[in-house]
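The structure appears below as structure tokens.
The values are calculated or read from the model by the stated rules, or taken from the named source; none is laboratory data. In this text the structure is predicted, and so the values were computed from the model without any measurement. In this analysis, Cβ positions are derived from the backbone assuming ideal geometry, glycine residues included, and neighbour counts consider all displayed protein chains.
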Amino acid sequence: MNETEFVAALRKLPLHPGARGLEDDCAVLPVGGETLIITHDMMSEDTHFLSHADLADVAWKLLAANLSDLAAKGAEPVGVLLGYSLGSSDARFLEGLDEALRTYGVALMGGDTVATTGTSTYGMTAIGRATHLPVPSRKGAQAGDAIYVTGPVGRAMLGYEGDEEHLSIFNRPVPRLAEGMALAPLVSAMMDISDGLLLDCWRMAWVSGVTLAIDSAAVPVASQARMQECMRWGDDYELLFTAPEDAALPVAATRIGTVRAREHAPLWLDETPLPDPANLGYRHG
């Protein structure tokens, strides 16, 4: 199975109401007077990081990817659980994890370690506290809304290719936690850009039952000469969100298009419909 087929099969299993039908990046769990936000991300060698990568950077990126999911829910981090494959650079991983945890004020709550002779894979579960109700989701974009991103896309791609100016963005992305909390009361839909701007726009439009019409000339990209690649590459971890046109945004963001009633396809790019998510971004499998 590829990723899409596997997730579709998972939807046939007994699902908790907080799973939101597996159409979002996080589970939402009311507990007493709080609403907890729970997410889990994994990173695997040769897929998310190169075999020669500094494991201190891998640890940072693992935490950042999880916190980015919380950011898209406007959540404040509470703590994380770590799933770790023991290897040859454990001390470097711990150094990077310690630095990242202290940078974002997050506490380790537990986890599990295993020994493996195969490809190194690391997992992390992050738990956050909702700062606004209802909790934003991918689903909710409304016709007439404006579409925004919090920063340029394509920087991680250039960093992966060795561009020194952008290498830190690929190795140590910055989760937009403060921006997510500030935006939560205003947005109609929000998610982080992990698999590519166009694919994530397609996903948001699909679950919202609308069309996201994107103006490529308005999209902030790291390289104008490689605009199409920048819009399809992932790992940028900027926030993609929709909000009413007259909303006064509390954070810096760039408008990149308009939400319309569904028009033949979930995504339009420069007035060209893109009905198929294939080749719009990164998908596993």
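Key figures
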| item | result |
| --- | --- |
| Within the range 124-141, considering residues that are closer than 24 Å to A100 by Cβ and of a type in the set (A, V, I, L, M, F, W, C), the one surrounded by the most Cβ atoms within 10 Å (Cβ to Cβ) | A126 |
| Pairs where the first residue, in the range 20-37, is closer than 26 Å to S194 by Cβ and the second is polar (S, T, N, Q) and in a loop (DSSP other than H, G, I, E, B), C-beta under 7 Å, 6+ apart | R20/S137; D24/S137 |
| Failed condition for D276, given (1) under 30 Å from F49 (Cα atoms); (2) within 19 Å of the chain's Cα centre (by Cα) | (2) |
| Filter result (closer than 29 Å to W206 by Cα, over 16 Å from the mean Cα position of the chain (by Cα) and assigned to a helix (DSSP H, G or I)) within the range 18-63 | G18, A19, R20, G21 |
| Single match in L212, L186, L240 (criterion: in a strand (DSSP E or B), buried (at least 17 other Cβ atoms within 10 Å of the Cβ), in contact with a Pro (Cβ under 8 Å, 6 or more places away or on another chain) and at pLDDT 95 or above) | L212 |
| Flag for K73 being crowded, with 21+ Cβ neighbours inside 10 Å, in a loop (DSSP other than H, G, I, E, B) and under 18 Å from the mean Cα position of the chain (by Cα) | yes |
| Scan of the range 38-53 for residues that are charged (D, E, K, R) and either crowded, with 20+ Cβ neighbours inside 10 Å or under 17 Å from L86 (Cβ atoms) (or both), ordered by number | D41, E45 |
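Each row is one residue, and each column tells you yes or no for (1) out of contact with any helix residue (DSSP H, G or I) (no Cβ under 8 Å at 6 or more places or on another chain); (2) assigned to a strand (DSSP E or B); (3) in contact (Cβ under 8 Å) with a residue 40 or more places away in the chain.
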site: E95; (1), (2), (3): no, no, no
site: G110; (1), (2), (3): yes, yes, no
site: T119; (1), (2), (3): yes, no, yes
site: A126; (1), (2), (3): no, yes, yes
site: A143; (1), (2), (3): yes, no, yes
site: Y148; (1), (2), (3): yes, yes, yes
site: I169; (1), (2), (3): no, no, yes
site: P173; (1), (2), (3): no, no, yes
site: A182; (1), (2), (3): yes, no, yes
